[in-house]
Amino acid sequence: MDWGMENRLSRLIQSDGHCFFLPIDHGYFQGPTRRLEKPGETIQPLIPYADGLFVTRGVLRACVNPQKSPPLILRVSGGTSIIGKDLAHEAVTTSVQEAVRLNAAAVGMSIFIGSEYEFDSLVNLGKLVDECEIYGIPVMAVTAVGKEMEKRDARYLGLCCRIAAEFGAKVVKTYWCEDFDQVVHGCPVPIVMAGGPKCETEREVFDFVHDGMQRGAIGLNLGRNVWQHDYPVAMMKALRAIIHENASVEEAVDLFEDEKKK
Ligand code: 5RP
């Protein structure tokens, strides 16, 4: 692998091979998402525990201190909103030159397999990978499902992850699902898990994260289940223990309860 590419990936994926990225890109189609209305305030206590920040250039420039930022994964796709016609109708909205200017460690874009815009999103991914390879920038593909959350099963997500890897994504972000090892098995590049809408309990989050890690994920790109929680720092620390210290679900719950009291 090219030196620059390897260096950038190693800024994001830690020496144990695992990573915990904090996504705060939700506003690019959801607007001021609950508890992310002021992203700078939301992330300020969480930054010490994040291996990377998934963010758009606008929020980055307006809300993130360049002297205290974790490595960046720059969200470079968009063009739709939750009140628009179709969330799948995205294009690449931020240039690779901008990613270089912002010192991004990687860029990320969504693909919409099975949607009306499958072709467009995949061709866009191919073009983005082509351009990013010139500068040694890794691309993280996001296997987006739009509003159709029920699509999240091993067959569908396995298909999406494999296609993303075939197009040259260096990392794929997908959802956890039952039989997650089947998703990992067919994907030749590392997979990180998103959290999706906030779960009822923290134990539910620890359960799926632990299961996904045991079945081969390398880490997380998990947002709402951290920053929409009443105790986001405690969530971050407990999840870090699963990702980087091989903690069990019980250990994560204990750590969460201890941190909650602080
Ligand atoms: C939004 C994204 C998010 O980065 C991704 O969904 C992770 O966040 P969450 O854990 O809140 O689902 O790609 O488009």
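State the number of residues belonging to segment 243-262 that are in contact with a strand residue (DSSP E or B) (Cβ under 9 Å, 6 or more places away or on another chain) and surrounded by 23 or more Cβ atoms within 10 Å (Cβ to Cβ). Give the derivation first.
Step one: filter segment 243-262 for residues in contact with a strand residue (DSSP E or B) (Cβ under 9 Å, 6 or more places away or on another chain), giving 243-244.
Narrowing the set further to residues that are surrounded by 23 or more Cβ atoms within 10 Å (Cβ to Cβ) leaves 243.
Residues meeting the conditions: 1.
Within segment 182-203, how many residues turn out to be under 18 Å from K170 (Cα atoms) and either among the polar types (S, T, N, Q) or assigned to a helix (DSSP H, G or I) (or both)? Talk me through it step by step, then tell me what you get.
Quick first cut of segment 182-203, residues under 18 Å from K170 (Cα atoms) only: 183-194.
Within this subset, residues satisfying the condition of being either among the polar types (S, T, N, Q) or assigned to a helix (DSSP H, G or I) (or both) are 183-185.
Summing the residues that are under 18 Å from K170 (Cα atoms) and either among the polar types (S, T, N, Q) or assigned to a helix (DSSP H, G or I) (or both) in segment 182-203 gives 3.
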Which residues, taken from segment 68-123, are closer than 17 Å to I137 by Cα, exposed (fewer than 14 other Cβ atoms within 10 Å of the Cβ) and basic (K, R)?
R101
Looking at Y175, Y135, Y156, which one is within 25 Å of L87 (Cβ to Cβ), among the hydroxyl-bearing types (S, T, Y) and out of contact with any Leu (no Cβ under 8 Å at 6 or more places or on another chain)?
Y156
Give me a count of the residues in segment 163-181 that are surrounded by fewer than 18 Cβ atoms within 10 Å (Cβ to Cβ) and part of a helix (DSSP H, G or I).
2
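Could you name every one of the helices (runs of 4 or more DSSP H) located completely within segment 204-262 that has at least 2 residues being more than 16 Å from the ligand (Cβ to nearest atom)?
Once the helices (runs of 4 or more DSSP H) in segment 204-262 are filtered for at least 2 residues that are more than 16 Å from the ligand (Cβ to nearest atom), what remains is 232-245, 249-260.
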Sole miss for P190 among (1) within 15 Å of the ligand (Cβ to nearest atom); (2) under 14 Å from the mean Cα position of the chain (by Cα); (3) not hydrophobic (A, V, I, L, M, F, W, C) is condition (1)
Is it the case that some residue within segment 4-25 is within 28 Å of A238 (Cβ to Cβ) and among the aromatic types (F, W, Y)?
yes
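Scan the helices (runs of 4 or more DSSP H) fully inside segment 1-95 and keep the ones with 1 or more residues being away from the ligand (no atom under 14 Å from the Cβ) and touching a strand residue (DSSP E or B) at 6+ places or on another chain (Cβ under 7 Å). Steps first, answer last, please.
Numbers: elements: 3-12, 27-30, 39-43, 57-63.
Hits in segment 1-95: 3-12, 57-63.
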Show the residue pairs that are 6+ apart or on different chains and have beta-carbon atoms under 8 Å apart, the first residue being within segment 182-202 and on the phi > 0 side of the Ramachandran plot and modelled with pLDDT under 95, the second being within 13 Å of the ligand (Cβ to nearest atom) and in a loop (DSSP other than H, G, I, E, B).
G196/R152
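Condition first: at pLDDT 95 or above and not in a loop (DSSP other than H, G, I, E, B). Now tell me which residues in segment 133-154 satisfy that.
E133, I134, Y135, V139, M140, A141, V142, T143, A154, listed by residue number.
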Tally the residues that are surrounded by fewer than 20 Cβ atoms within 10 Å (Cβ to Cβ) and within 14 Å of G195 (Cβ to Cβ), restricting the search to segment 227-242.
3
Subset of segment 137-156 [within 13 Å of the ligand (Cβ to nearest atom), closer than 19 Å to C19 by Cβ and hydrophobic (A, V, I, L, M, F, W, C)]:
M140, A141, V142
Does segment 116-123 contain any residue that is in a loop (DSSP other than H, G, I, E, B) and not acidic (D, E)?
yes
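The values are calculated or read from the model by the stated rules, or taken from the named source; none is laboratory data. Note that this is a predicted model, so its numbers are computed, not measured. Because the Cβ atoms are built from the backbone with ideal geometry, glycine has one as well, and the counts that use them run over all protein chains shown.
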